[in-house]
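Inspection log for the structure reproduced underneath, given as structure tokens.
The values are calculated or read from the model by the stated rules, or taken from the named source; none is laboratory data. Note that the coordinates shown come from a computational prediction; the quantities given were computed from them, not determined experimentally. Glycine also receives a Cβ, built like all others from the backbone with ideal geometry; neighbour counts cover every protein chain displayed.
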Amino acid sequence: MIDSTHQPVSRNAVCPFCSLLCDDLRVAVDGQALTLTGPSCGRARAGFADGSIEDVPLVAGVQASAQQAIERAAALLAGSRHPVFGGLATDIDGMRTVMMLADRCGGSVDHMDGDTLARKNGLLATRGGISTTLAEVANRADLIVLFGEDALGEGSRFVERCVTPGDSLHPERLAARELVVLAPQSATRALKGISVPTRHLPMAMSGAAEVASALRALLAGRTLAARAVAGIRTTDLAEVAARLAAARYAVVVWGKDLSSAPHSEVAMELLNELLKDLNRSTRAAGLVLGGGDGAASANAVCAWQAGYGLRTSFASGGPEHDPTRFSARQLIEDGTADLLVWISAYATRQTPPADLDCPTIVLGRSGMRFDVVPDIYIPVGTPGIDHPGRLIRADSSVSLPLPALRESGLSSVRQVLGQIAALVLP
Ligand code: SF4
């Protein structure tokens, strides 16, 4: 008989589906079904609706009990010469356990977005950077310059939360705020209806380094012989440079469409140098969006436990860092690693790369389906949904607790790895 009195429960939620970690969500919890009721975000809506709590572990493609899967995973790990822990889409507790196992088993750690992280870490280590927080952007910036369109559109609430927040500690800065967008023409649609004065100068992302370099030259008082740079009129760039120089607190924001592009190190370095130039006479800072799928948390835990960011190996008995040699792909393809432990607790589509030929253990969001079935699959819960968790935000200075939304009975990455560790480690 249908219970006509049954009502979904509305709960506050912190969103784990990108590194903005929005903490103002309402989610309707109806038994195990979750529906985002507001505010609107396409990525979050899909994330809460993803997965299944009825999944079962697989060993060699055959359904198995959790205990059988854990015992088989422990046997594979115990027999591995060099396991690589990849994916790493987990929370702080999960990553701590990864680090413990990698250290004790002589393995390596790399995130599924390791190429982007390696560029960012390399630049930070060699050149430094001037960065800010989401709260500083929302409250103090009078000029925000977006390089790229990652912060725009259905999958990001950056503009809503940081560019046009409802209120501000400094209302005069909010009232004076301007937005400049240097991004492909495709950004136009997402810019409609933004309530601060906005100027869009269409730019292909491949031109970002040229544009950053031109802005530096113009700020330094040089005259450019070219009439246009990367398709943007020099006179328009001169206006942006003048606005940057006049701003009391400019923030330059970029995301994955810049930091994952080929040769993006040059563009990011030039933007960092631009910020240093500006800080000689005014205040300016950068904000790098990204770090989703637990990347910011995994990188931070690795840094504070090993002294290096991700792409660190413990194979020699102590931590060693190499952003090229210790990529999970490189370690598997050159035969160094003989086991991939793939961790992906946020999205069922984030399976291990199908072209990596290596025995594989997957701890994946329950409901995952595979083109290439791994040796072992153990379904896990998602932090902030199936169990409490803690994640580090995009600006790296804030970690947020994520309460659980339902009692699904799914184990966390920390719990599963802990059970494997209990069988492997003396
Ligand atoms: S912007 Fe990111 S953190 Fe915020 S609701 Fe959307 S997916 Fe979640």
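Here are some notes:
- Within segment 136-235, helices (runs of 4 or more DSSP H) holding 2 or more residues that are at negative phi and either among the aromatic types (Phe, Trp, Tyr) or at pLDDT 95 or above (or both): 208-219
- The combined condition, being assigned to a loop (DSSP other than H, G, I, E, B) and either more than 16 Å from the ligand (Cβ to nearest atom) or within 28 Å of Arg325 (Cβ to Cβ) (or both), is fulfilled by Val56.
- Residue check, Arg11 surrounded by fewer than 22 Cβ atoms within 10 Å (Cβ to Cβ) and assigned to a helix (DSSP H, G or I): no
- Criterion violated by Glu273 - all others in (1) out of contact with any His (no Cβ under 8 Å at 6 or more places or on another chain); (2) surrounded by fewer than 24 Cβ atoms within 10 Å (Cβ to Cβ); (3) assigned by TED's automatic domain parsing to the domain that holds Gly418; (4) not β-branched (Val, Ile, Thr) satisfied: (3)
- All positions within segment 122-135 that are part of a helix (DSSP H, G or I) and either more than 16 Å from the ligand (Cβ to nearest atom) or out of contact with any strand residue (DSSP E or B) (no Cβ under 9 Å at 6 or more places or on another chain) (or both): Gly122, Leu123, Leu124, Ala125, Thr126, Arg127, Ala135
- Candidates in segment 250-286 are the residues that are within 16 Å of the ligand (Cβ to nearest atom) and either part of a loop (DSSP other than H, G, I, E, B) or in contact with a Phe, Trp or Tyr (Cβ under 8 Å, 6 or more places away or on another chain) (or both); of these, the one that is modelled with the highest pLDDT is Val253.
- Tally of residues being part of a strand (DSSP E or B) and within 16 Å of the ligand (Cβ to nearest atom) across segment 14-53: 9
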